[in-house]
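Below is a structure I'd like to ask you about.
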Amino acid sequence: MSSLRTSSSVCRAVWSVLATLTCAVATASALGQIATITTVSLAPTPVYYGQTPVATVTVTASDGSTPDGRVSCAIQTRGHAASYSRPLQNGLASIPLTSIAQDPAQIDPYTLACAYPGDVSATYAASTATRLSFDILYFSAWIVNDNGTVSQLDYTGKVLSTLGTPGAPASAGGLAIDASGDAWAVTNTANSLVFVTPVPNPDTYDPPPATISTFTGGGLLRPSAVAVDGAGQVWIANGGNSVSAFSNSGAALSPATGYGAATATAATPYNTPSGIAIDQAGSVWITNSGGGSVTRIFGSAAPVVTPLVTGTTNGTTGTKP
């Protein structure tokens, strides 16, 4: 990075935002300068859209003394450039990265490079530059409104988009997020399943618009809750005493009466279902608000991995246990 000049080569290790990267110690000069090490960490981790991350730069001396002077940091990623400089206090400098708070990463991570050029009196030698790479995660919250619309909120609570037709014959129901970050919601009065793609980062250039699709059939009858299994299939608990299932493309998998009844008027094992969840064995669990009971459908769904750590105990991320 051209804005950072040091007495040794730049450390090129890629750093995770979950740990602190330490680069090699600069070699003391022939003038007898004290060698130093520069380290940097970032908080909070992870960094979410709307937050201002703070870099903590630490400079330590090989003889245990406390270096003085300033540290310099810079970011140059995807045409975004920012530079920072702060004085050391007891060998530390805290630097809020304010200029990138509203510019979350979309493709490549940001690279922050920090360096200690040595002090004015030449007592301390310059350290090698230290680099870390990090992303700013885009966070969304979703709300099903009682007028038949679905709203997406950002990290700060700002409404980014409200999709659907206000005043439609619908009332609020359940909502679930799939592995792609898309939302599936049910509106129980309208007997419909709603699929919503999120609004992309509004600060990127020419973001594609959010979209909404509505699906019916499959036995949807006063749907009250929704869950997504490990294969992306969508499962719905119907207040009309049945369970519906849809593929991740919106095609109905369940019959016209839903699962649980041979006809629309036949008895079912459900009593006003109000909640639904899928476990790691692929079983579907339904809570019955009318009878104060729980119904389990054994192994009919694709297993889900919850929590994530369960799927990584054998070193294979995302593998179903």
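Please give the peptides 223-235, 141-153 ranked by average Cβ packing (other Cβ atoms within 10 Å per residue), highest first, as a rough proxy for protection.
Highest mean packing first, the order is 223-235, 141-153.
Roughly what would the spin-label model give for residue 56 and residue 302, points 7 Å off Cα along C-beta, in nm?
That separation, rounded to one decimal, is 4.2 nm.
Between residue 211 and residue 293, what's the calculated FRET efficiency when r is the beta-carbon distance and R0 is 51 Å? Round to 0.05.
0.85
Can you work out the FRET efficiency for the pair residue 81 and residue 140, with r the C-beta to C-beta distance and R0 = 30 Å, to the nearest 0.05?
According to the calculation, E is roughly 0.60.
Once label points are set 7 Å from the Cα along Cα→Cβ at both residue 271 and residue 177, what is their separation, rounded to one decimal in nm?
Taking the simple label geometry, residue 271 and residue 177 are separated by 3.5 nm.
Still on this structure, I have one more. Could you check the simple spin-label distance between residue 89 and residue 70, using points 7 Å along Cα→Cβ, in nm with one decimal?
Taking the two extended label points, one gets 1.7 nm.
Provide the gained length on full extension for the span residue 158 to residue 98, in nm with one decimal, where the gain is 0.36 nm per separating residue minus the Cα-Cα distance.
Using 0.36 nm per residue and subtracting the Cα-Cα distance, I get 19.6 nm.
Now for a separate question. Could you order the peptides 121-133, 57-69, 292-304 from most to least packed, using the average number of other C-beta atoms within 10 Å per residue?
Order by mean packing, descending: 121-133, 57-69, 292-304.
Readers should treat all values here as calculations from the given coordinates under stated rules, not as data from a laboratory. Since the model is a prediction, treat every value here as computed from it, not as a measurement. Every residue, glycine as well, gets a Cβ built from its backbone with ideal geometry; the counts of neighbours run over all protein chains shown.
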